[in-house]
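J.: Please find one structure pasted underneath; my questions will follow.
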Amino acid sequence: MDTPSQPETKSRFWLILFAFAALIRFTVACGPESGSPVAVSIDTNGAASVDSIEVSPNTAQALDVGSVITFTATAFNASGGVVQNASVAWASSDLAVATVNSSGVATARGPGQARVTASSGTVSGSAVLTVPLVNTP
């Protein structure tokens, strides 16, 4: 295996350094001031970082046991912009009250309240689902 010569190594170093400097100084046209610098957070997987998650509706009431309610999660970055295609995992705080599938569809299982949570990494957002106690005649 050939080892690069010292001039080749220096050339590669300067090329990488130049590319890195250009990346740091990269600006885009945004807002009223064209050429304003834009901060973008990147996680280790190369995806835009999620800073917060909003779950809609934020409160819901099931009509009865067995009914379903679809929740949606919107992920935001630190600047308040929407993070497109953020991977979200769904969970219910009380499986006796409600279950939720990987698409955010919750199914009422029994009376009570459950918190439906959407998570992306260490960030999460939630909503409250209430299933009423139904009196049978």
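J.: Which ³J(HN,Hα) values in Hz, rounded to whole numbers, follow from the phi angles of the stretch 121-134 under the Karplus curve 6.51 cos²θ - 1.76 cosθ + 1.60, where θ = phi - 60° and Gly and Pro get x?
T.: Residue by residue, the stretch 121-134 yields x, 9, 9, 8, x, 8, 9, 10, 10, 10, 10, x, 7, 9 Hz.
J.: With a sphere of radius 13 Å drawn around the Cβ of SER124, what net charge do the other residues whose Cβ falls strictly inside it have (Lys, Arg +1; Asp, Glu -1)? Please list the in-between numbers first.
T.: Values: positive: ARG115; negative: ASP51, GLU54.
Here the charged neighbours net out to -1.
J.: Continuing with the same structure: Rank-order 59-65, 102-108, 114-120, 81-87 by packing density, defined as the average count of other C-beta atoms within 10 Å over each peptide's residues, highest first.
T.: On the way: 59-65: 14.6, 102-108: 16.3, 114-120: 21.6, 81-87: 13.0.
Output ranking for 59-65, 102-108, 114-120, 81-87: 114-120, 102-108, 59-65, 81-87.
J.: Next question, about the same structure. Residue-wise, which Karplus ³J(HN,Hα) couplings in Hz belong to the stretch 82-87, taking 6.51 cos²θ - 1.76 cosθ + 1.60, θ = phi - 60°, and x for glycine or proline?
T.: Values per residue, Gly and Pro as x: 6, 8, 6, 6, 5, 6 Hz.
J.: What FRET efficiency comes out for the pair SER52/SER103, r = Cβ-Cβ distance, R0 = 22 Å, nearest 0.05? Don't skip to the end; give the middle numbers.
T.: Numbers: r = 21 Å, r/R0 = 0.94.
With a Förster radius of 22 Å, E is 0.60.
J.: Given R₀ = 35 Å, FRET efficiency for VAL134-SER87 by Cβ-Cβ distance, to 0.05? All intermediate terms of the calculation are to be shown ahead of the outcome.
T.: Numbers: r = 36 Å, r/R0 = 1.04.
Calculated value: 0.45.
Just so you know, all these numbers are worked out from the coordinates, no wet-lab data involved. Only a predicted model underlies this, so the values are computations on that prediction, with no experimental measurement involved. Glycine gets a Cβ as well: all are built from the backbone with ideal geometry, and neighbour counts include every protein chain shown.
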